[in-house]
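Encoded as structure tokens, the structure appears first; notes follow it.
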Amino acid sequence: MLFRQDKWKTRLTDLEEKVQKLQLQVRALELEWENTYDKMRSMMARQAKRAERMHDEAEQAGVLAPIADALSPQERVILSHLPPAQRQVQEGILRRRRQTNGGQ
């Protein structure tokens, strides 16, 4: 009987150690994911700023056709990357959406 109890204690201790290891690994993965997510968010923000700056420079140089002032910066960036035919279609869609949504 005594040996069985020692065996169970040993198994329980081993199991507790494994659970602690797994908890540490999960926490490390969570921290790594948070770090990766922060880096991606930062890179996307820089990319959006760069695209907007490039668009503004191209528009000032007259390379791009002017886009309606009512468009948001995100819409202007998206439209600047489209070919002329697709740009016209997308502008029409955005115009209709604004009319449907009360000009917003």
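Cross-link partners for Lys9 among the lysines, with Cα-Cα distance under 18 Å and sequence neighbours closer than 8 places in the same chain left out: Lys18.
Candidate cross-link partners of Lys39 among the lysines, defined by an alpha-carbon separation under 19 Å and a same-chain spacing of 8 or more, comprise Lys49.
Taking a straight Cα-Cα cut-off under 18 Å and skipping sequence neighbours fewer than 8 places away in the same chain, the aspartates and glutamates within cross-link reach of Lys7 are Glu16, Glu17.
Bear in mind that the values in this text are calculations on the coordinates, not laboratory data. Just so you know, these numbers come straight off a predicted model, no measurement behind them.
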